[in-house]
Amino acid sequence: MSFRKAAAIVSIAAMAVTACSGGASTAPSSAAASGTPAAPSTGAGASSSAAASGCKVGVAWATFQEERYGLRDEPGLKGAVEAGGGSYTGTDGKNSAETQASNIATLIASGINVLVINNVDPQAILPSVKAAEDAGIPVIAYDRPFEDAKALFMTHDNVEVGRMIARAVTAQAPKGNYAIIKGDKTNPLTVLLRKGMEEILAPFESSHDIVIPAGAEVNTDAWKPENAQTEMEQILTANKNDIQGVLSQNDGMATGAIAALTAQGLEGKVAIGGQDADKAALNRVALGTQAVSVWKDATALGKAAGEAALQLCKDPDITKVTGAKPDKTVGGLDISSVLLQPVAITKDNLQTILDAKWLTQAELCAGVPAGSVTGCP
């Protein structure tokens, strides 16, 4: 093991204790590869001949709690790496910043050439990012941004995702009281989604057609559905059920919010939107109990990230990755980003998601009256 890489590992281990929070460190899940670590490589500084003989890509996933990461993103990323002759090692952070830091230390020790990070906490991850970069390993910030000018950020256009959620919900409920169920307050993705929502909401708020009551805009710890359900229950109680629209920043939290609405007999009466195209959410769109689920083709994003990792194995210059364009982080750092375009799935274009084989017709149309929407004959 090189001195740089050994120092990087010690650095992560030391900083993980002081900088990270969350649950106790655990061993990687079954999604992670096991066995004896491979011989160390020279990171991004590997020769082109070494890169050609096999690129080792390590991925630090935040969690498989959200349906998409294990079902969509990981297969796309792993498949692209292996199709290009590389090898893939994945780890599950289990929504713990400390666990993720430990996982990254292990990945660096195993001799990876490129590190892909789907972070649990954008602040706590920074020591791990620096350790990888100090070891000469290029880093891809996957789906969830963090403040680092050297990392390539890859995701869908999340400002547009926010716009799409707000457009669909305001189309159904152009007047009334709104609740906004946001993600974890530490996540820059929350800021990007909220920015897009506000662009659509602003004229409605200016005319007072839409009002966000005091306490009706909340952050949800760890984006957990059960937390969102509790928050929605509290919002409904505080406003005597007088809520006409809900902007949820993902489908998991929409599931929790809808559980709270259902308990009050409001399911299908309050317009609500989300994102990620979870199967349950798409079924709700077909049933008419959710206005929109923004589809970010996570398999395509994973594939793009896998292909980018292979490119970085040969040339660590992030500006040369296919599709990379100049961008800025939420904090104002100049970076390079690859942004894929999302698609808003409503009851009017359900066939789109069926054509993509994202789910089966039986899954989409469960409980839906035959012929009530296109896609459910």
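The values are calculated or read from the model by the stated rules, or taken from the named source; none is laboratory data. The model shown is predicted, which means the values in this text are computed figures rather than measured ones. Here the Cβ is made from the backbone with ideal geometry for all residues, glycine too, and neighbour counts use every protein chain on show.
A count restricted to region 201-251 and to residues that are under 19 Å from Lys185 (Cα atoms) and not in a loop (DSSP other than H, G, I, E, B) stands at 20. Does Asp276 fit the bill of being touching a residue at least 40 places away in the same chain (Cβ under 8 Å) and among the acidic types (Asp, Glu)? The answer is yes for Asp276.
Of everything listed in (1) assigned by TED's automatic domain parsing to the domain that holds Asp143; (2) at pLDDT 95 or above; (3) in contact with a helix residue (DSSP H, G or I) (Cβ under 8 Å, 6 or more places away or on another chain); (4) not aliphatic (A, V, I, L, M), the single unmet condition for Asp334 is (3).
Residues satisfying the criterion are present in region 241-259 (criterion: closer than 15 Å to Ile181 by Cβ and surrounded by fewer than 18 Cβ atoms within 10 Å (Cβ to Cβ)).
In the set (1) crowded, with 22+ Cβ neighbours inside 10 Å; (2) under 24 Å from Leu192 (Cβ atoms), Ala286 fails one condition alone, (2).
Suppose the filter is closer than 20 Å to Gln275 by Cα and surrounded by fewer than 19 Cβ atoms within 10 Å (Cβ to Cβ); does Asp355 pass it? Break it down into steps so the answer makes sense when it comes.
On the way: closer than 20 Å to Gln275 by Cα: yes; surrounded by fewer than 19 Cβ atoms within 10 Å (Cβ to Cβ): yes.
Against the criterion (closer than 20 Å to Gln275 by Cα and surrounded by fewer than 19 Cβ atoms within 10 Å (Cβ to Cβ)), Asp355 qualifies.
If you check Gly76, Gly136 for being surrounded by fewer than 24 Cβ atoms within 10 Å (Cβ to Cβ) and more than 20 Å from Ile318 (Cα to Cα), only one passes: Gly76.
Report yes if some residue within region 181-197 is of a type outside the set (Asp, Glu) and over 21 Å from the mean Cα position of the chain (by Cα); otherwise report no. The answer is no, given that none of the residues of region 181-197 is of a type outside the set (Asp, Glu) and over 21 Å from the mean Cα position of the chain (by Cα).
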